[in-house]
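Report on the following structure.
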Amino acid sequence: MGTYRRSIMAYASSQVLPDAKAYEEQALSFKAAGWQAYKIHPPRDPDTDIKVCKAVRKAVGDDYRIMLDSTWAYEYPDALRV
């Protein structure tokens with residue numbers, strides 16, 4: 001059923017970090033080590049999480065894949081906003 005792949009992309013994943021700067025530094029470290037993407041586990045406050053995402057995007061550039069795993073922390077309106 002369906003197709004198959006011979007390889008898959010691996011990504012690095014954060015833990016919950018104390019501030020946006022810590023996420024930036026970790027993302028840049030993983031990028032420099034050759035990881036092809038970075039998944040953010042944010043503090044789970046919508047306003048803070050937006051700041052974290054913006055900081056990481058600015059640090060790693062537009063061509064680097066980032067993901068957000070907020071572990072079901074938001075109500076629907078906040079999820080749309082983030």
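The values are calculated or read from the model by the stated rules, or taken from the named source; none is laboratory data. Every value quoted in this text rests on a predicted model; they were computed, and no experiment measured them. Heads up, the Cβs are rebuilt from the backbone with ideal geometry, glycines too, and the neighbour counts pull from every protein chain shown. Quick note on the areas: whole protein, heavy atoms, side chains included, nothing else; ligands and nucleic acids left out. Shrake-Rupley method; radii C 1.70, N 1.55, O 1.52, S 1.80 Å.
Scanning region 41-58 for residues that are open to solvent by less than 30 Å² (accessible area, probe 1.4 Å) and touching a helix residue (DSSP H, G or I) at 6+ places or on another chain (Cβ under 7 Å) yields a total of 5. Among residues of region 39-52 that are within 19 Å of SER29 (Cα to Cα), those with a beta-carbon under 6 Å from a residue that is among the aromatic types (Phe, Trp, Tyr) and at pLDDT 95 or above at least six positions away or on a different chain give the pairs LYS39/TYR11; VAL52/TYR23.
Screening TYR11, TYR64, TYR23 for residues that are surrounded by 13 or more Cβ atoms within 10 Å (Cβ to Cβ), among the aromatic types (Phe, Trp, Tyr) and touching a Leu at 6+ places or on another chain (Cβ under 7 Å) leaves exactly one candidate, TYR23. Here the condition is being in a strand (DSSP E or B) and either among the hydroxyl-bearing types (Ser, Thr, Tyr) or surrounded by fewer than 16 Cβ atoms within 10 Å (Cβ to Cβ) (or both); of TYR74, TYR4, TYR38, it holds for TYR38 alone.
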